[in-house]
Amino acid sequence: MKNNDWKNLIDKLDKSNMFRLITDFHKQCGKAVEIADSLDLPSEYAEADKIVVAGLGGSAIGGDLLFTYLTRELRVPFHVVRDYELPAFVDKQTLFFAVSYSGDTEETLSAYDEAISRSARVIGITSGGSLRKRCQSDGNPVVSIPGGMPPRTALGYLFFPMLISLEHLKFVDKHSAEMEETLKLLKELSKIYSSFPDNPAVTLAQKLYGRVPVVYGSARNTSAVACRWRTQINENSKTFASHHVFPELDHNEIVGWEKLEQITENFRVIMLRDSGDHQRVGVRMDITKAIIGNAPAGIDEIWSQGKSPLARMFSLICLGDFVSFYLALLNGVDPTPVERIQTLKKRLAGG
């Protein structure tokens with residue numbers, strides 16, 4: 001499509017200005033760092049011997065990304081909970097992040113109450129709602145972030161406060177240089193991916209149009225990013241997608257490409273690759289690509305960009321967000337509304 005074709009599609013379909021939110025993501029990340037830097041945490045929080053993040057959907061993926069980013073550095077166990085109940089190991093020695101963009105996610109509120117009953121060291125991250133009220137009432141620190149956005153577009157506000165909190169408490173070293181590189185790279189990529197008519201995000205979205213995206217990452221570096229790609233395609237593009245990770249998928253899913261050719265020929269594989277991947281994982285990706293061959297409609301290898309692990313991780317996130325947006329336009333839908341999620345919430349509330 002030509003320049004004006006894309007612009008006309010955005011004007012026609014993007015009623016809530018998702019394009020601006022995605023394009024300005026680098027600005028959001030910068031603001032998130034500023035907000036988190038001013039957070040004052042109790043000194044005893046630094047004595048925790050485990051870390052738990054509770055959240056759902058867009059409010060949980062930040063925890064997954066944080067674990068991926070810090071897995072080589074953290075010396076204490078780290079766990080993400082997407083449920084109403086907490087594992088038995090959560091206790092008074094647990095640093096507990098309750099993350100809910102709206103502040104009213106019922107599973108997170110349930111987990112928060114259970115964490116309070118076990119005397120965990122709680123930090124809330126929210127734009128308001130019941131979570132902020134409970135934190136303030138209980139005397140727990142809370143990171144107040146700007147509201148009025150779809151939770152999935154608030155990743156910067158949900159990720160960086162956790163990272164900086166762990167820095168303040170000295171669970172990890174400062175990552176100022178990596179943050180600076182990441183913000184600069186995101187700004188550069190945003191300019192590229194928002195230009196028309198030809199850019200890598202548009203090209204990949206066109207390849208995925210009419211196909212079922214299958215996103216593959218590596219367990220060590222890009223598992224959470226692959227999950228982010230899947231959920232962004234689900235919510236923004238309103239289409240089904242799946243994800244899996246190496247090396248695990250070579251012990252099961254690789255066999256699944258053998259049959260049902262009439263179905264798998266409508267799938268398209270996206271392999272997320274990173275220079276920090278284990279050398280044997282890289283070999284596995286190459287061999288797997290050759291083995292599954294023409295079973296899917298195509299295989300696209302996407303390499304991360306940047307020097308630091310943080311920049312490389314967010315470079316892939318940025319691309320995935322733009323791809324899901326352009327795929328929504330190709331599908332003829334407004335990327336922002338998630339009507340089925342809202343219907344589910346109303347029914348859960350008895351409405």
Query raised in the report: Of the peptides 37-47, 218-228, how do they stack up when ordered by the mean number of other Cβ atoms within 10 Å, highest first?
Result: 218-228, 37-47
Query - Built amide H within the under 5 Å cut-off of GLY124, gap 5+ - result: ALA98, VAL142, VAL143
Query raised in the report: Check ILE270: other-chain or 5+ apart residues with amide H under 5 Å from its amide H, H built from backbone geometry?
Result: VAL214, VAL215, TYR216, ASP300
Query raised in the report: How much length, in nm to one decimal, is gained on full extension between VAL76 and PHE196, taken as 0.36 nm per residue of separation minus their Cα-Cα distance?
Result: 38.6 nm
Report summary line: Using alpha carbon positions and the Kirkwood radius, the Rg to Rh ratio of the chain is 0.97
Query raised in the report: Applying the Karplus parametrisation 6.51 cos²θ - 1.76 cosθ + 1.60 with θ = phi - 60° to the phi angles of region 145-155, what ³J(HN,Hα) value in whole Hz is obtained for each residue in order, glycine and proline being reported as x?
Result: 10, x, x, x, 10, x, x, 5, 8, 9, 4
**Report entry** Partner lysines for LYS92 [C-alpha distance under 21 Å; skip if fewer than 8 residues away on the same chain]
**Finding:** LYS50, LYS170
Query raised in the report: If one puts a single equal scatterer on every Cα of region 10-126 and applies the Debye formula without solvent, what log₁₀ I(q)/I(0) results at q = 0.14, 0.19, 0.22, 0.23 Å⁻¹?
Result: -0.66, -1.09, -1.33, -1.40
Query raised in the report: Can you run phi through the Karplus equation (6.51, -1.76, 1.60; θ = phi - 60°) for region 156-162 and list ³J(HN,Hα) in whole Hz, with x for Gly and Pro?
Result: x, 5, 8, 8, 5, x, 5
Query raised in the report: What pairs from LYS133/LYS174; LYS184/LYS238; LYS7/LYS27 go past 27 Å between their alpha carbons?
Result: LYS133/LYS174; LYS184/LYS238
Report summary line: For 139-149, 284-294, 60-70, 162-172, ranked highest to lowest by mean beta-carbon neighbours within 10 Å, the order is 60-70, 162-172, 139-149, 284-294
**Report entry** Eligible aspartates and glutamates near LYS259 by straight Cα distance, threshold 19 Å, same-chain separation 8 or greater
**Finding:** ASP250
Report summary line: In order over region 77-87: 3J(HN,Hα) from phi, Karplus 6.51/-1.76/1.60, θ = phi - 60°, whole Hz, x for each Gly or Pro, gives x, 9, 9, 10, 10, 10, 6, 6, 10, 9, x
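All of the numbers you see were taken from the coordinates with simple rules; none came from a lab. As the structure is a computational prediction, the values presented were derived from the model and not from experiment. In this analysis, Cβ positions are derived from the backbone assuming ideal geometry, glycine residues included, and neighbour counts consider all displayed protein chains.
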